[in-house]
Amino acid sequence: MSRVEYDDVWKKFPTRDAPAVQGLTLDVADGEFLVLLGPSGCGKTTALRMLAGLEQLDRGDIRIDGKSVVTLEPKDRDVALVFQSYALYPHMSVRDNIQYPLRVRKQSAGTRASRVDRVAKLLRIEHLLPRRPAQLSGGEQQRVALARAIVREPRVFLMDEPLSNLDAKLRTHTRTELKALQQQLGVTTIFVTHDQAEAMTMADRIAVLDAGRLQQLGTPDTVYQRPANLFVAQFIGSPPMNIVAARHENGSLLLEGGWRIEAPRIAKDAAELRAGLRPEAIELDMVAREGAQPAEVLVSEPLGSEVIVNVKLGDVLLKVRTGPDVRPDPGTRVFLRAQPAAVRVFDASSGAALN
Ligand code: ATP
């Protein structure tokens, strides 16, 4: 069992006015793959380092399996960190690199050898064991760094952008493998990234951070479909959600640019609204239909399996996701529709979602 709890954790660095982490409360379940996601500087690494014992907390508590770890030395917390830079020892063979944490913990030679062999097999790097790090590709070095973390059999894995040094293809491949490996091992994992696609594909749940504060904690589906606020709506999704100024008028929602949509149900009203439409929440027709909104095509961007059609509604630019065969030319008149249930409504001043 290894449940991880952050309980109202605060951290301020003396050189900065705003705290790096502000009132972070998180409950990570045993075996869960939790991704801390947010833009550069939002406090992800600081949150991870406090759990590892590499930064002190100003306030709050961090517990593993119900026991506070904040006064423990890093080595006594039983967590393993994997960084962006693999930090392998260049003068040691891959085998010695992987078994290093076991040597530090004074494990016998027999135990070391059998655990290294098992992990090397799991990561399919047995053939690399005699080599030095300099004789490995980036992807291979990354596997060795992972093997060194796994061999310890820690209670928690902490991973700080471990895939960011890999090229795009290897990165996509490795994230699938890493997710499968984590499921197989069942070790609670906290994974830091600023890459929303990485977060969406790997996480059981995503904790979205901005400016040191937790914005939303939820499954990838929830943060995508039901973003808690405008920040999450625009941070997650590629292209991001279309956000348009809107107001209620005669029972419908009137968007800037003149598009009138059947008003979605909202929990409460606000003085100023923003409507949020995912690119796939907008249906695009080439022929006029009842209630459809005319718009003009600016440009179509074919992406192979889909096309992003950029349309203009007055001064408003909307991105619409269509099938690969729909790619209207610039200047074409098209017609837009949206199901009310697919429209998110936000309070423009607080940014909070209202439905
Ligand atoms: P990135 O993705 O760029 O690594 P991050 O979300 O992990 O960003 P942190 O590294 O946690 O962000 O940093 C949060 C804020 O705290 C940043 O503004 C950073 O400059 C500041 N910070 C981090 N470490 C220190 C430090 N040791 N001393 C002073 N300020 C720091």
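The values are calculated or read from the model by the stated rules, or taken from the named source; none is laboratory data. None of the values given here were measured: they were computed from a predicted structure. Because the Cβ atoms are built from the backbone with ideal geometry, glycine has one as well, and the counts that use them run over all protein chains shown. The protein model used for the area step is the full one, side chains on, heavy atoms only, and it has no ligands, DNA or RNA in it. Shrake-Rupley method; radii C 1.70, N 1.55, O 1.52, S 1.80 Å.
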Add +1 for every Lys or Arg and -1 for every Asp or Glu among the other residues with Cβ under 14 Å from the Cβ of Ala80, and state the total.
-> +4
Once a ≥ b ≥ c are taken as the square roots of the eigenvalues of the Cα gyration tensor of segment 75-126, is the result rounded (a/c under 1.5), prolate (a/b larger than b/c) or oblate (a/b not larger than b/c)?
-> rounded
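Note down the relative contact order for the chain as a percent, whole number, built from C-alpha pairs under 8 angstrom at least six residues apart.
Details: 749 pairs, mean separation 55.6, N = 355.
Dividing the mean separation by the residue count of the chain yields 16 percent.
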Treating the beta-carbon of each Lys and Arg as +1 and of each Asp and Glu as -1, no other charges, what is the dipole magnitude of segment 44-203 about its Cα centre, to the nearest 20 debye?
-> 540
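Count the DSSP beta bridges whose two residues both fall in the chain, then state the antiparallel fraction as a percent rounded to the nearest 5. Display every interim value, and only then the final one.
Values: 57 of 75 bridges.
Just about 75 percent of them are antiparallel.
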Distance between Cα centroids, segment 299-355 to segment 46-120: provide it in whole Å.
-> 47
Accessible area, 1.4 Å probe, largest first: how do Phe235, Phe33 sort?
-> Phe235, Phe33
Measuring from label point to label point, each 7 Å out along Cα→Cβ, what is the Tyr89 to Asp269 span in nm?
-> 6.9
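Please report, largest first and rounded to whole Å, the three semi-axes of the ellipsoid equivalent to segment 185-257, where each semi-axis is the square root of five times an eigenvalue of the C-alpha gyration tensor.
Working: eigenvalues 184, 27, 25 Å².
In descending order, the three semi-axes are 30, 12, 11 Å.
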Only helices counted: for the chain, with every DSSP H run of 4 or more residues adding -39500 (n - 2.57) and the sum spread over all residues, [θ] at 222 nm is -7000 deg cm²/dmol
Put +1 on the Cβ of each Lys and Arg and -1 on the Cβ of each Asp and Glu in the chain; which of Thr45, Met286, Val334 then has its Cα farthest toward the positive end of the dipole?
-> Thr45
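About the Cα centre of the chain, how large is the charge dipole given +1 on each Lys and Arg Cβ and -1 on each Asp and Glu Cβ? Please answer in debye to the nearest 20. Present the calculation step by step, with values, prior to reporting the outcome.
Details: 47 positive and 44 negative charges, 288 e Å.
So the dipole magnitude of the chain works out to roughly 1380 debye.
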Can you put Val326, Val28 in order of accessible area, largest first, using a 1.4 Å probe?
-> Val326, Val28
What is the list of residues in segment 135-159 whose amide nitrogen lies under 20 Å from a point 7 angstrom out from the Cα of Arg124, following Cα to Cβ?
-> 136-151
How much of the accessible area of the chain, in percent, comes from carbon and sulfur atoms when a 1.4 Å probe is used?
-> 49
Prolate/oblate/rounded label for the chain (Cα gyration tensor, a/c 1.5) | prolate
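With a ≥ b ≥ c taken as the square roots of the eigenvalues of the C-alpha gyration tensor of segment 209-355, please select rounded if a/c is under 1.5 and otherwise prolate if a/b is larger than b/c or oblate if it is not? Before the final figure, lay out the partial values.
Numbers: a/c = 2.13, a/b = 1.34, b/c = 1.59.
Verdict is oblate for segment 209-355.
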Segment 1-122 accessible area per residue, 1.4 Å probe, protein heavy atoms, integer Å², reads 49
